[in-house]
Amino acid sequence: MSNLHSIIASFPDTPSFFHAAEKVRDAGYKKWDTYSSFPVHGMPDAQGQPRSKVPIFTFLGGITGFTLGTLIVWYMGAYDYPLIVGGKPFFSPIFPFPIMYELTILLAAFGTLGGMFLMNLLPQHHNPLFESDTFLEVAGDRLVIAIESRDPKFDPAATKQFLQDIGGTDIEEVSA
Amino acid sequence: MATTAQEMDPAQAALLDKVEPAELYEQPLVTNNRDFNWVTNKICGIVEAGTPTWWWVCMAVALATASFTGMGLLWLVSTGVGVWGLANPINWGWAIVNFVFWIGIGHAGTLISAVLCLLKQGWRTSINRAAEAMTIFAVVCAGVFPLFHVGRVWFAWWLFPLPNANAIWPQFRSPLEWDVFAVSTYGTVSVLFWYMGMIPDLGTLRDRAVQRLKAGAYEGATEFKKKFDEGFDVFRKYFYGIFAMGWRNAGNHWRNYEMAYLILAGISTPLVLSVHTIVSFDFAVSLLPGWHTTIFPPYFVAGAIFSGFGMVLTLMLPLRAIFGLHDLITQRHIDNMCKICLGTGSIVGYAYIMEFFIAWYGANPYESFAFINRAFGQYWWAYIMMFSCNVFTPQLFWFKKVRSNWAMVWVMSIFINVGMWFERFVITVTSLANDFLPSSWGYYSPTIVDIFTFFGTFGLFSVLFLLFIRFAPMMPIGEVKYVMPQGDPHGHSEEHGHGHGDPAQGQGANGGQH
């Protein structure tokens, strides 16, 4: 079954979808995911996923922005071309604070967006799941759980049976 | 209730039995029991349906209006800043007024998308996308004025710390340079926030185009119409596909997305407060009476939110009527927006009065003159416009009858926009026209070039907004579904509301469904 990408099952409503996800997690599957057109509250816990790592990228972006802001004001105003304006100091941590502040936010925002893409492994314009008509209906109201064949616990027959047991319908094999 | 009744004497208990406690009923955020598919179809349908005739008419009018900005700017660039009505002592005229006016309008979008997100206000979901779009387009309109006010616009890049042939750098000790950073950061972060919020919806539009292409059932009167519709879906598949970045609606995607969204909301909140604070520094850091006040930052921020919500109402009420979005933008949404206008409008009114008080209490003759002159001097008419529109208009929002009269709300939102423009005019012009030396006093009037340039920005804004409602999903589909009872993983409210898991999780976040 090397050409099998995953087995997908649909669930009728959000509570059963949520509890099914908990059961997949408890059954010990690792390479699987839930698919819904909206974020389901508490789903990361139900899927046994850890806290998102996006904040690390935000922090790195913010630190870079703050440092950059401080450096450009110092380099341009106090080192490279000092100009006397109104007797004000060439450099101080006070007056350029808006610059440091805005650059912190700017680069933190880029870090956040970049971190989101990186953590989600996006852009990834092709995925075998997109070939499935059932899967495309997730855009409407379908709630889908897909267990991938690369999961160590994956077994075509047993996994299919398992998805049926936890309340899945419209079970479908998606080929790679 | 039963135990209390037993301890009381029978007469009182009998009376108590007649009391019917009022049922506290919270208006749902999506009315008429709509399901998920309805929401998706409604929001995507606006983008996928054929272009309505009114859209072309509005677009033509908007483009014609926008051309006035083009003419004004062409006139300015080919002649010089002298064609504006600026003359000593009033060297800041309409350009700055318009800049602050547009930037302020933008603030409501960020307030809705960021601050209300942090406060877990479920009602923000259906209006935040359009409000964010409004923010971005308002910043674009705002940017036109300082950009061209520099005179030689081809040197505008000197505003940024980029190496140039003169080996000079920007002057970081000036609030105007802080403003460059504040406004450009604000514009950029708003675009990032808006785009990231849109990714799942772009994915939905992509998937729907693919679904239609696979089904291949195109109905049309002519063969050309069928081919055209199919071709358009191919375009959509790639256009939305590229921008959706391969979004798959996976739980893992949503997990990182929600975290990123929360962080962007968290960093946009201090950002939006800082932007108008720094805009107010342009005035407050100077030594001019009427400008040199510490009340400016909070007063400007409140005014910005006030004007922004005015603009959101101006835009959303017609959209709601045209596209039949009454189940998504409900009376509750309008009520809340009116109440924010009322709250911020009252803060603005308080600030006007407090400025006067401090001018007297501060015992600085120049300061008290500046304020008496504002209200009773040569620009008294502008002050009356400002005060009546901004202080009296929102007070009508105390009344439920007014808030549920949509036509009236719309008209009042226009008053708010007008009033806030006049506020900036009053602040900018009155202080400059009559400063310390009576011998240098003057009177400012805009020229036709000023008027053209400003009038046209409404067209520019409308062109951008029309393109937005035609090609981008107007509401965040996922977020709307999230606040619907069906989106609750713990079942529909009452029976399961408090039963499952971490009590902090089931509560609150679902927009008051529990």
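No value in this document is a laboratory result; all are computed from the given coordinates. No experiment lies behind these values; they were computed from the predicted model shown. Positions of Cβ are generated from backbone atoms using ideal geometry, with glycine treated the same way; all protein chains shown enter the neighbour counts.
For the reader, a short list of remarks on this structure follows.
- R0 of 22 Å, Cβ-Cβ distance A:ILE84-B:SER286: FRET efficiency to nearest 0.05: 0.65
- Shielding of peptide B:261-274 by partners, expressed as the average count of other chain Cβ atoms within 10 Å per residue Cβ, is 4.
- A simple packing score, the average count of other Cβ atoms within 10 Å per residue, orders the peptides B:455-462, B:419-426, B:54-61 as B:419-426, B:455-462, B:54-61, with the highest score first.
- Normalised alpha carbon radius of gyration of the stretch A:54-119 [divisor 2.2 N^0.38 Å]: 1.34
- Averaging 1/r over every pair of different alpha carbons in the stretch B:33-126 and inverting the result gives a Kirkwood radius of 18.1 Å.
- Rounded FRET efficiency, nearest 0.05, which uses the C-beta distance separating B:LYS18 from B:PHE160 and R0 of 51 Å: 0.10
- Local net charge near B:ASN32, Cβ-Cβ under 13 Å (Lys/Arg +1, Asp/Glu -1): 0
- For peptide B:242-248, the mean count of partner chain Cβ atoms within 10 Å of a residue's Cβ comes to 6.
- Inter-chain Cβ neighbour average for residues A:115-127, partner chain, 10 Å: 6
- Highest-fluctuation residue, A:GLN47, A:GLN124, A:GLN161 considered, GNM on chain A with Cα pairs under 10 Å: A:GLN124
- Förster radius 41 Å - calculated FRET efficiency between B:ILE295 and B:VAL234, Cβ distance, rounded to 0.05: 0.10
- A simple charge model with +1 on the Cβ of Lys and Arg, -1 on the Cβ of Asp and Glu and nothing else charged puts the dipole of the stretch B:349-471 at about 640 debye relative to its Cα centre.
- Proximal lysines relative to A:LYS23, as straight alpha-carbon distance under 23 Å, when same-chain residues fewer than 8 apart are discounted: A:LYS31, A:LYS153, A:LYS160
- Sorted by Cβ density within 10 Å, fewest first, the residues B:SER413, B:SER404, A:SER10: B:SER404, A:SER10, B:SER413
- Helices assigned as whole DSSP H runs in chain A whose Cα atoms extend at least 24 Å along their own long axis and whose mean Kyte-Doolittle hydropathy is 0.5 or higher are found at A:54-74, A:97-119.
- Near B:LEU288: Cβ cut-off under 13 Å, other residues only, Lys/Arg at +1 and Asp/Glu at -1. The net charge is -2.
- Cut-off 18 Å, label 7 Å out along Cα→Cβ of B:ASN37, residues of the stretch B:208-227 by amide N: B:208-217
- Likely footprinting exposure, B:ASP229, A:ASP133, fewest C-beta neighbours within 10 Å first: A:ASP133, B:ASP229
- Checking every one of the GluC sites (Glu not before Pro) in the stretch B:163-227 against DSSP loop status and a limit of 11 other Cβ atoms within 10 Å picks out B:GLU219.
- Chain B: DSSP helices with Cα axial extent of at least 15 Å and average Kyte-Doolittle hydropathy no lower than 1.0: B:53-79, B:94-110, B:125-149, B:296-323, B:406-425, B:448-471
- Result for chain A in a Gaussian network model with C-alpha springs under 10 Å: among A:HIS19, A:HIS125, A:HIS41, the largest mean-square fluctuation is at A:HIS125.
- Estimated vicinal HN-Hα couplings, Hz - the stretch A:128-138 in sequence order (Karplus 6.51, -1.76, 1.60; Gly, Pro = x): x, 4, 5, 6, 8, 5, 4, 5, 4, 6, 4
- Within the stretch B:315-333: backbone nitrogen closer than 19 Å to the B:TRP54 label point (7 Å, Cα to C-beta): B:315-331
- Eligible lysines near B:LYS401 by straight Cα distance, threshold 20 Å, same-chain separation 8 or greater: B:LYS339
- Relative packing of B:141-153, A:73-85, B:104-116, which averages over residues the other C-beta atoms within 10 Å, highest first: B:104-116, B:141-153, A:73-85
- Listed residue (A:TYR29, A:PRO98, A:VAL144) projecting farthest to the positive dipole end of chain A, Cβ model: A:PRO98
- As a rough guide to protection, the peptides B:330-339, B:262-271 ranked by mean Cβ packing within 10 Å, highest first, stand as B:262-271, B:330-339.
- Which of B:ILE127, A:ILE171, A:ILE166 has the fewest Cβ neighbours within 10 Å, and the rest in rising order: A:ILE171, A:ILE166, B:ILE127
- Reachable aspartates and glutamates from A:LYS88, criterion Cα separation under 16 angstrom, eight or more residues apart if same chain: B:GLU177
- Net charge contributed by nearby residues that have their C-beta within less than 11 Å of B:ASN336 (K/R +1, D/E -1): +3
- Among the chymotrypsin sites (Phe, Trp or Tyr not before Pro) in the stretch B:7-48, those located in a DSSP loop and surrounded by at most 15 other Cβ atoms within 10 Å of their own Cβ are B:TYR25.
- Listed cross-link partners B:LYS42/B:LYS214; B:LYS120/B:LYS400; A:LYS53/B:LYS237 are compared with a 26 Å cut-off, the Cα-Cα value being larger for A:LYS53/B:LYS237.
- Close amide H partners of A:SER6, meaning residues 5 or more places away or on another chain with modelled amide H under 5 Å apart, are A:SER149, A:VAL174.
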